[in-house]
Every structure is written in C-alpha cells, then in structure tokens.
Amino acid sequence: MEKTYKLEVAGVTRELPILPVAEDLSIASFVILGDAQIVAAAAPLLVEKLPEVDVLITAEAKGIPLVYEIARLLNLKKYYVARKSIKPYMDQPLVNEVFSITTQKKQVLCLDGADAREIKGKRVAIIDDVISTGKSLKAIEDLVVQAGGEVVARAAILAEGDAAARTDILFLQELPLFPHK
Ligand SMILES: O=P(O)(O)OC[C@H]1O[C@H](OP(=O)(O)OP(=O)(O)O)[C@H](O)[C@@H]1O
C-alpha cells in the first residue's frame, strides 16, 4: 500500500503520497495545480503575512495558481512568471539555471526582457508553492536582481525539510522530508 503523509494547512487536510525523488530520499508530493480549494484557503493567509510589495513573481509551474490568487487579493493587475524554457515570443530574456528537490536535473529559468524592464526598481515578493532546498527561490531571486528589482519577501505555502528553519521566508506550514534508512 502506498504510504502517505497527512498535511493540514490553511484549514485544509490532504493525504500526500510519499514518493522517491532520489536513491536516498522520498518526499510527500504536494501538487497545488488543480487544487482550487487549497489555493483559495492559503492565499489570504499569505497575503496577511506579506509586507508592502509592488509586484509578485513565481516560477513555472506549480506556483502559478497561487501567485494568480495572491495578485487578485492584492488588486494587482499583473504578476510575473519565470518560465522553464525560452519562448520565441520573449524579448531579450534573462536566463538562469535551476535545480529543485523534485527535478534534480538542470532546468533553465528565464524572464522575458519586457517583464524584466517592468520589474526594475520595484519591491518584489517571490511566491512559490513549496520552498525546499531553496535553489528555485535563489534562481528566481537572481533573475529579479538582474532585472533591477528588490526582493522584499519570499513566501510559500510550505517550507520543506531544512527550509522550515529559515528566517528569511514566509510560510504557513512545515513539510518533513523522508530520507531512506
Ligand atoms: O526549493 P527547491 O528544492 O528548489 O524546490 C521547490 C521547487 O520545486 C517545485 O517545483 P518543480 O521543480 O517540481 O517544478 P514544477 O513546478 O515545474 O513542477 C516547487 O514548485 C518549487 O518551485
């Protein structure tokens, strides 16, 4: 039988499947894509924690529903998404590399140059569903800095593993890692 982890966050309960991501590590899989209820419940709680910000940014893909909902609650007309591939419609994209806990191979992370120009000089909140190793967060932050924005908040629904001890991030709940013995 599949093992699960019971997550309670923002008044919502989910049984997360525990799945291997490496030879020596499993994680509780938290996928907010398609989970309208958890996004609607978590977004206002994160909004309460955020300082004054001008713009929001996330990375494709799982952060997108959350950043949309937070932008809506903050009455922001726009939010920004760092993509994981360079698209032909991008104008002089800023490009970075990223590895995450779930995708332990190199991915690119890129920001359309038009978006970068709009972020310049703005107070930016980075939004994601989960912060684990922090590598995705760092890669987004590097793009924001390259664009000339100032990162004033780093927020996620969950802080996984060591990320829960970080004092520079905002989050609603901890998520344990499951190392193999
Ligand atoms: O702190 P980290 O170790 O970097 O892990 C957190 C990141 O990993 C997940 O994305 P994933 O790589 O699964 O990509 P996806 O959203 O495109 O599925 C998650 O949405 C975060 O962006």
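So which strands (runs of 3 or more DSSP E) stay within the range 77-181 end to end and still have 1 or more residues that are free of Cβ contacts under 8 Å to residues at least 40 places away in the same chain and farther than 30 Å from Thr4 by Cβ?
80-82, 94-98, 107-111, 150-160
Would you mind finding the one in Arg117, Arg72 that is out of contact with any Leu (no Cβ under 8 Å at 6 or more places or on another chain), of a type in the set (Lys, Arg), away from the ligand (no atom under 15 Å from the Cβ) and more than 19 Å from Ala147 (Cβ to Cβ)?
Working: Arg117 fails: more than 19 Å from Ala147 (Cβ to Cβ).
Going through Arg117, Arg72 in turn, just one is out of contact with any Leu (no Cβ under 8 Å at 6 or more places or on another chain), of a type in the set (Lys, Arg), away from the ligand (no atom under 15 Å from the Cβ) and more than 19 Å from Ala147 (Cβ to Cβ): Arg72.
How many of the residues in the range 1-32 are within 20 Å of Thr133 (Cβ to Cβ) and outside any strand (DSSP E or B)?
Here the count works out to 6.
Restricting the first residue to the range 9-25 and requiring it to be under 26 Å from Leu45 (Cα atoms) and modelled with pLDDT of 95 or more, which pairs with a second residue that is among the charged types (D, E, K, R) and assigned to a strand (DSSP E or B) meet a Cβ separation below 9 Å and a spacing of at least six or different chains?
Thr13/Lys6; Arg14/Lys6; Arg14/Glu8; Glu15/Lys6; Leu16/Lys6
Quick one: is Ile101 in contact with a Ser or Thr (Cβ under 9 Å, 6 or more places away or on another chain) and modelled with pLDDT of 95 or more?
Working: in contact with a Ser or Thr (Cβ under 9 Å, 6 or more places away or on another chain): yes; modelled with pLDDT of 95 or more: no.
Considered against the rule, which asks whether it is in contact with a Ser or Thr (Cβ under 9 Å, 6 or more places away or on another chain) and modelled with pLDDT of 95 or more, Ile101 comes out as no.
The values are calculated or read from the model by the stated rules, or taken from the named source; none is laboratory data. Here the structure is a predicted model, which means the values were calculated and not measured. Every residue, glycine as well, gets a Cβ built from its backbone with ideal geometry; the counts of neighbours run over all protein chains shown.
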